Amino acid sequence: MPEDLGPGFAHSADLNRDPLSSTVLLSKACTRAVKGIAPLYRAKFATALENADEWERLNEYIVNGTRSDIATLERAAKVMVRDCGHVSVARRYAKDSIRKLQVGKLGDSVYAIKIRSGIPGRNLDKDSMIAIDIVIIRVGHTMIALEHTVNVGRPDSALTRSAAETATRRLQKTLEDSPVEIPL
């Protein structure tokens, strides 16, 4: 919900359905790994929130499936962290990096990376042209994928953590109150 994120956030009709960014494409292994989580981005239950003043977005995708469906997506999330969690490329006019993102213990399991792209010589965690945090959380037979994007500015992984914690709490409460089937 927009009010959970702070002032300036509102629902948006624009929803990113492609987890690949130009930084991810710098590594063949990382590109393959991120393609594995693409089914999460095609979820029927998805929300887009935008803070137009800050050029910031948060997309949330929720899928539910059989043990096999969720196990496949969870393996893809593990591979994403393994194959993308250490990518760095420096070129003359750009520096890109992908690292593991620590968001704490959420749900039954959590997998997260942070993608940063900016100007060489700058600290990308403080000054990025593009910053994307991807967090995938499993709760039982349900998965949540959160994508927090900031264009031009200081990426706020604390907001990513807060949004992930809130989404996990809400999902756990919903599943406890009435088990709902959320199709792939």
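The values are calculated or read from the model by the stated rules, or taken from the named source; none is laboratory data. Just so you know, these numbers come straight off a predicted model, no measurement behind them. Note: ideal-geometry Cβ built from the backbone for every residue, glycine included; neighbour counts use all protein chains shown. With ligands, DNA and RNA removed, areas are computed over all heavy atoms of the protein, side chains included. Shrake-Rupley method; radii C 1.70, N 1.55, O 1.52, S 1.80 Å.
Inside the range 90-102, residues that are loosely packed, with under 13 Cβ neighbours inside 10 Å and either among the β-branched types (Val, Ile, Thr) or assigned to a strand (DSSP E or B) (or both) make up a count of 1.
Could you say which residue among ILE70, ILE130 is surrounded by 14 or more Cβ atoms within 10 Å (Cβ to Cβ), of a type in the set (A, V, I, L, M, F, W, C), out of contact with any helix residue (DSSP H, G or I) (no Cβ under 7 Å at 6 or more places or on another chain) and farther than 26 Å from GLU50 by Cα? From the options ILE70, ILE130, the qualifying one is ILE70. Only residues that are within 23 Å of ASN151 (Cβ to Cβ), open to solvent by 20 Å² or more (accessible area, probe 1.4 Å) and not in a strand (DSSP E or B) were counted across the range 103-120, and they come to 2. Here the condition is being crowded, with 17+ Cβ neighbours inside 10 Å, modelled with pLDDT of 80 or more and in a strand (DSSP E or B); of VAL87, VAL81, it holds for VAL87 alone. Set side by side, the residues ARG67, ARG17, ARG42 differ, and just one is closer than 23 Å to HIS141 by Cα, of a type in the set (Lys, Arg) and within 13 Å of the chain's Cα centre (by Cα), which is ARG17.
Each residue in the range 33-61 was checked for being touching a Lys or Arg at 6+ places or on another chain (Cβ under 9 Å) and surrounded by fewer than 22 Cβ atoms within 10 Å (Cβ to Cβ), and 9 pass.
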